[in-house]
Amino acid sequence: MTRLTRAAFAALALLPCALARAQTAPPAPPAAAPPAAVPAADSASAAAAGRSAPPAQTQLQKVVVTGRGVGDEAQRALAAEQAATPGAVTLVDGESLRQRSVATLTDMLRYVPGVWAASGVTGDGSFLSSRGSNLDATNYDGNGIKLLQDGLPVTAADGNNHNRDVDPLSARHIVVARGANALAYGASTLGGAIDFISPTARDGAPNEVLLGAGRFGERQARATVGAVAGDVDGLVSVEGRRSDGYREHLRQRRMGLHANAGWQLGAGASTRFYASAIDNDQQLPGALTRAEFAADPRRAQAAALAGDYQYNVRTARLANKTRWDLGDGASVSAGLSYEVQRLEHPIVYAPPFFSLLIDTEQRNLGGMLRYQRRLGAHELLAGLNVGTTTVTGGNFAYVPGGARTLSTRVDNAADNTEAFVLDRWQFAPGWTAVYGAQAVSGSRRIRNTDAASGALRDPTGRYDSLNPRVGLIRQLTPDSQLFANLSRLYEAPTLYELEDDVRGNQATLDAMHGTVLELGTRGSEAVGRHRVRWDLAVYHAWLRDEILSRDDPKAPGTSLSANVGRTVHAGVEALLGASLALGDDGQHRVEPLLSLTLNDFRFRGDPGYGNNRLPAAPRHALKGELLYRHASGFYAGPTFDVVGHRWADFANTYGVEGYRLWGLRAGFVAAGWEVYVEGRNLGDKATVSLFSVQDRAAPTAAILTPGAPRSLQAGLRLKF
């Protein structure tokens, strides 16, 4: 751990004590409204402490991924985010997730433009890419998006998201800030940040029971109970999920507990503790060749059956966040989180040549500090993120159900510090400048010891950068605006990327970096009894030293990483929704929703790949629905997916066809209960959900993961 990181953790550890002692001082004068630049995490903290987070100074439109059931607190959070952000940011409301089948992050992000999410396994296995991040698509070393819960990190200090057990249904709402628009979170990632805001008993989260069932033996249940007693409140959720899977060897068993408790300390101070524990056992069916996929996409890979591939994770996490209103429009928030994660992961079985079982323990310590203040026409936000990660254990050769032989002893470590400052300056009526900078300092250390020879491979790298940002928001009407920004992008390599460096010596990879230009508009307009809303962003990023990983042909299931010279990530992200009245009595409405993403990710004059397109993400993805809603609470309508062509290799020789799917969903919302039913892929089309990327994939390569066939899910919610 670097001196800077140690000093930052020491300061964070002492700050809550200082705040608690400060409660003996006379109460501060009444505070002015917190600035609109407050990120959603701190808005939620205010609500959790029993204080309504005030709306942003400028009344904004509310672009959310559904048009019903959005609470006032979620609306204020979105307004605050967009008022502070001259770029793309989307909010997913937790209430809307309870009206359709949601088991994975892929389900949660269905209508968020600019994010490509795909799942080929049950439960927690989702591939995520935002604005072209994580395009190596090795289906294990996930990175590129910083995941947070209530502003505290869930992503490891090196930027890795593998096995992150974040439960979408345990969030009150979710903020998705894409690319450089995640500066308010300090995220040093190409794809931005996703912050999961927890519900609390004090912010109106209901006691509830959720039950769900579906095809392929899918069953899930969760119960939430909360209470408020004076200055103390608490909320506990218990969830369980089982599925036999739509392929051979795809069974999952998962149990989870999520809890938080708050205490109002007085004099404008409050603190909240968070705890979660997840036990997830999951079989993996492996990837198929084209011929195997065409013959039977529900089969498992022969090696996955022989090697009993699995993905078993035990996770426990504790966190605390304290907020103190200083008066005069100023506040301080500080938090710490600690997570232990045990992974058992048989993943490669090709005897007598090679087999791999990963058995490691990962420990993550994270912290955050935020200072916010309004000074005249300026709204200031300064923040600090710190994190350390250690990974210990080993890689083993194994026989399923039998002996293990240690092949490599693993003792890796990473730390990361992100300091940032942001100013939102309303310099003229209808004009706001948003500018700031981020400083990043981190280290990565690999210590891999060969068990047989004792040979040590220990590359160590330091990564430091200063990343400025400048943007402009033009308020056209009270409910519509234009925005633009020019920002620097930066992301250091993960421990897994360093471990798999193609050079295999003490050399270390360089960090990815570049510049992005973004333009867009968002808003809503009332036309008689109708309402239309939109969110459109166009961006172009020039990157250098992008880290790309290809499957190692000599050891399938492992990857080799390297920097490439220059690449381009560009795209169009659009979200269009409406609520259209039918008739004059206000009883009937039609609500269309469209999410469109156009991607142009490519090499730029590369010596080996020329101007080839980058793999994994489709050229276009259009997802939508057309719901009829009645004032009684009934809703129903079709859904659809149109996904374009993808490449599975850097040489652009192995193409994966696009697909078109359709479905139906319906439900009823009453005061104390809700019910839904949803049919997906009702045409029963065989699709490829995700795949491993290779340098030049052979026609017989086993890299394809099939998507789900025709399925039906139903759910019931009881509130009390």
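Between A670 and F353, the distance separating the two model label sites (each 7 Å from Cα on the Cα→Cβ line) works out to 6.2 nm.
Express in nm, to one decimal, how much length is gained between D450 and Y628 on full extension, taking 0.36 nm for each residue of separation and deducting their alpha carbon distance.
On the way: separation 178, 0.36 × 178 = 64.08 nm, distance 6.20 nm.
Residue separation times 0.36 nm, minus the Cα-Cα distance, leaves 57.9 nm.
Taking volume of the Cα convex hull per residue in Å³ as the quantity of interest, determine which of (1) 143; (2) 169; (3) 319 was computed from the displayed structure. Checking each listed value against the structure points to (1). With contacts taken as Cα pairs under 8 Å and at least 6 residues apart, the range 382-441 reaches a relative contact order of 33 percent. Working from Cα pairs under 8 Å separated by at least six residues, relative contact order for the range 3-719 is 12 percent. Using the alpha-carbon centroid of each, what span in Å lies between the range 651-699 and the range 579-618? Centre-to-centre distance over Cα atoms comes out at 15 Å. Partner aspartates and glutamates whose Cα lies under 13 Å from the Cα of K321, excluding those fewer than 8 positions away in the same chain, are identified as D42, D150.
The HN-Hα couplings worked out from phi for the range 228-237 by the Karplus form 6.51 cos²θ - 1.76 cosθ + 1.60 (θ = phi - 60°) are 10, 9, x, 8, 10, 9, x, 9, 10, 10 Hz, whole numbers, x standing for Gly and Pro. Can you give the calculated 222 nm mean residue ellipticity of the chain, where each DSSP H run of n ≥ 4 adds -39,500 (n - 2.57) and the sum is split over every residue, rounded to the nearest 500 deg cm²/dmol? Counting only the DSSP helices, I get -2500 deg cm²/dmol.
Kirkwood Rh, the range 594-720, all Cα pairs: how many Å?
Values: mean 1/r = 0.0582 Å⁻¹.
Roughly 17.2 Å, rounded to one decimal.
Counting only Cα atoms, the size of the range 529-634 along its three principal axes is 66, 31, 15 Å, in decreasing order.
Look at the dipole of the range 3-719 built from charges on Cβ: of L690, G520, G633, the Cα furthest out on the positive end belongs to G633. Placing pseudo-labels 7 Å out from each Cα toward the beta carbon at R474 and R253 gives an inter-label distance of 6.1 nm.
Pairwise over distinct Cα atoms, reciprocal of the mean inverse distance: report the Kirkwood radius of the range 398-461 in Å, one decimal place.
On the way: mean 1/r = 0.0607 Å⁻¹.
With all distinct Cα pairs of the range 398-461 included, I get 16.5 Å.
Protection proxy ranking, highest mean first, for peptides 170-178, 218-226: 170-178, 218-226, where packing is the per-residue count of other beta-carbon atoms within 10 Å, averaged.
Might you report the magnitude of the Cβ-based charge dipole of the range 3-719 about its Cα centre, with Lys and Arg at +1 and Asp and Glu at -1, to the nearest 20 debye? Let's see the in-between values first.
Details: 74 positive and 70 negative charges, 101 e Å.
Approximately 480 debye in magnitude.
Please sort 391-401, 685-695, 86-96, 431-441 by packing, taking for each peptide the average over its residues of neighbouring beta carbons within 10 angstrom, highest first. Walk me through the numbers before you get to the answer.
Working: 391-401: 17.5, 685-695: 22.0, 86-96: 25.2, 431-441: 19.9.
Ranked from most to least packed, the peptides come out as 86-96, 685-695, 431-441, 391-401.
Each of T405 and A714 was given a label point 7 Å from its Cα along the Cα-to-Cβ line. The distance between the two points is 5.3 nm. Within the set of other residues whose C-beta is less than 14 Å from the C-beta of G214, count the net charge using Lys and Arg as +1 and Asp and Glu as -1. Taking every other residue near G214 into account, the sum is +4. Distance between the C-alpha centres of the range 153-221 and the range 414-487: 21 Å, rounded to the whole angstrom.
Where a number appears in this text, it was derived from the coordinates with a stated rule and is not lab data. All values derive from a computational prediction rather than experimental measurement. Cβ atoms come from the backbone with ideal geometry, glycine included; neighbour counts cover every protein chain shown.
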